[in-house]
Amino acid sequence: MKYENNRSGNGGVFTLHNEEEEVGRLTYTIFPEENKLIISFVLVHSKFEGKGMGKYLVDEAIKFARENEWKVYPHCSYARSVMSRMKDVDDILLER
């Protein structure tokens, strides 16, 4: 699996690919003046659902936020659900 971060200005898309095709994507917006990354949307293509691919995308966004010392607000309900079950995100998770 390969991640790609296509950032443009204050937003971007993480895409996850296998050797043949896109598996899923996560869109985000950055508010640098607030040190905040908002996860807007997570999509996993139907043939890859139920295999943890969405969590991999959320993990990659968290890693990116930590590298830049940003907090993460999961606007997307899926990302919010995933992060609420993670034990190591209390330092960066924004509830609101």
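Since every read-out is calculated from the coordinates, none of them should be taken as a lab result. Everything numeric here is computed off the predicted structure, so don't read it as measured data. Cβ atoms come from the backbone with ideal geometry, glycine included; neighbour counts cover every protein chain shown.
Numbers for the structure displayed
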{"item": "So residue 14, is it touching an Asp or Glu at 6+ places or on another chain (Cβ under 6 Å), within 22 Å of residue 93 (Cβ to Cβ) and not β-branched (Val, Ile, Thr)", "result": "yes"}
{"item": "Residues located in region 28-42, provided they are surrounded by fewer than 18 Cβ atoms within 10 Å (Cβ to Cβ) and either under 20 Å from residue 83 (Cβ atoms) or under 15 Å from the mean Cα position of the chain (by Cα) (or both)", "result": "29, 31, 34, 35, 36, 40, 41"}
